[in-house]
Amino acid sequence: MASGDPAWLDAQPSADSMRRSGLGATWANLRARHGMQAPREAAMAGMHLSAGIARRWERLQDTVAAAREAGFSPVLFKGGAIHARWPETRETRPLSDYDLIVPQAQVAAFRAFLARCGFRSAIVGSRLTQRLSKGWMVWRGEGASYENLDIHARVTEPPVCASLTRTILATRETRDGIRVPDPHDSACMIALHVARSGMHRPLHEYLDLLRYVDGMAEADWHRLCARARDHQLRPALFAALRQALHCLALRELDPPRAAALETRIDALGRDIGALRRRALDRVAPPDHPLHPDPAQDRPLVRRSLVLWAATESSWRVMAAFVLYGGARLLDRFTDAGHAGDRDEDQVP
C-alpha cells in the first residue's frame, strides 16, 4: 500500500491470516487495481467492500448536505476522514460506521434532525449518562440500503482530551464538502482510540496512523508532537506508533522505513516522564500482540490501565471513570437503565 509495487501482492496469504487481519478484501482490491486475480472468496469480499463503501459514502454526502442546509456543520473524523482525504482508500479501508462529531450544545437538535431524516437510535441510560457518553449510534434502512452513523459530542468521556474535541470541532479543512480534522488532530485521535481500547485495535487503524505520519516532513512531525503535547497525548502517540511498528512487521518488510519511524518514536519517548514510560513498557510493551489471550489480558482492566498510562493527565482519566461509572451505576437502581428500549426517533 505504501510503495504501490505489485510485487508485494504476489504471495497469497493464508485464509486464517486474512481472517485474523481483516485485510482480505483490501488485499483482493489491491490486486484488482494492478490487474491481478485473487481467489474467488477474497475477490467477492473485495467487490462487496467497494460497492458497500461507495453506497454509504454517497448517502453520507447527502446526509451532511442536508445537515448543512438545516444549520449544522458536523465534522467527519476517525476512519471516515481517511476516506475523505484519500478517496482511493474507499476500495481498501473497511469500516463499521462513519463517525460525525457536533458540539454538545447542538446534540438535542441534531438528534431531532436525524430522526426527521429517518434515522433511528436507542436512548441508553439517564440524561446524565447520555451527557457523559462520547456519543450514540443511529441507523436507517435494511439490507443493501442499511447505513449507520456514530454521532459524537466529544472524542471520549469527559474530562479527558477536551482540547482535542475543541480543535476537531474548530477545523476549517474540507474534503468533498465535508469538514475533516487536520492531519495532526487526526493522528492524535487514532492514538487516543488505540489507547482507549487497551491497544486492541484492527490492523487498518495502524495503517491509518502510518498514512498520516509516514508522509510528514520533519517540520510537520514536530508540529504533530507539539499538538500531541497540547492534547496531553504524547504517551498515546508513542505507544500507538510503537504498536504499529510491531504489528505491521515493518522491521521485516521495510527496514529503512522502520528505522526512520523508530528514530521518531525514540525521540518522542524521551519527552515522556520516566514513571509513565515504565508504566507504558509494562502495560503496552513494544511486542504487545495484535490478538492477545483475553483470559490473560482482560480488555476491561487494560482499558483503564493503558488510558491512564497513555494520557498525561491522570486526574482527568480517574475523574472520567468515576463520573461515567457512577452515572451507569446509578442507572442500575433507576428506570433509566431500561431506557435503551425506546427509540430516539421519539425525541421531539
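The values are calculated or read from the model by the stated rules, or taken from the named source; none is laboratory data. None of these values were measured; they are calculated from a predicted model. As a convention, Cβ positions derive from the backbone with ideal geometry for all residues, glycine included, and neighbour counts pool all protein chains shown.
Overview of values
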item	result
Hits in region 160-183 - residues which are in contact with a Leu (Cβ under 8 Å, 6 or more places away or on another chain) and within 24 Å of residue 128 (Cα to Cα)	160, 161, 164
Pick from region 279-302, criterion among the charged types (D, E, K, R) and part of a helix (DSSP H, G or I), ranking: modelled with the lowest pLDDT	302
Residue list for region 256-273, filter: in a helix (DSSP H, G or I) and either at pLDDT 95 or above or of a type in the set (A, V, I, L, M) (or both)	258, 259, 260, 261, 262, 263, 264, 265, 266, 267, 268, 269
Lone qualifier among 60, 100 - being in a strand (DSSP E or B), at pLDDT 95 or above and not basic (Lys, Arg)	100
Some residue of region 57-75 being in contact with an Asp or Glu (Cβ under 8 Å, 6 or more places away or on another chain), under 20 Å from residue 211 (Cα atoms) and either in contact (Cβ under 8 Å) with a residue 40 or more places away in the chain or of a type in the set (D, E, K, R) (or both)	no
Those residues of region 233-255 which are outside any helix (DSSP H, G or I) and surrounded by fewer than 18 Cβ atoms within 10 Å (Cβ to Cβ), in sequence order	249, 254
Check on residue 322, surrounded by fewer than 17 Cβ atoms within 10 Å (Cβ to Cβ) and either part of a helix (DSSP H, G or I) or at pLDDT 95 or above (or both)	yes
Given (1) assigned to a loop (DSSP other than H, G, I, E, B); (2) closer than 24 Å to residue 325 by Cβ, number of the condition residue 276 does not satisfy	(1)
Residue under evaluation residue 118, criteria (1) small (Gly, Ala, Ser); (2) in a loop (DSSP other than H, G, I, E, B); (3) closer than 28 Å to residue 195 by Cβ, criterion not met	(3)
Among the candidates 305, 330, residue that is modelled with pLDDT of 90 or more, over 25 Å from residue 228 (Cβ atoms) and part of a helix (DSSP H, G or I)	330
Looking only at region 134-186, and only at residues there that are in contact with an Asp or Glu (Cβ under 7 Å, 6 or more places away or on another chain) and small (Gly, Ala, Ser), the one that is surrounded by the fewest Cβ atoms within 10 Å (Cβ to Cβ)	141
Residue list for region 288-305, restricted to those being over 21 Å from the mean Cα position of the chain (by Cα) and closer than 16 Å to residue 201 by Cβ	294, 297
Residues that are in contact with a Leu (Cβ under 8 Å, 6 or more places away or on another chain), closer than 18 Å to residue 93 by Cβ and of a type in the set (A, V, I, L, M, F, W, C), drawn from region 10-44	23, 25, 27, 30
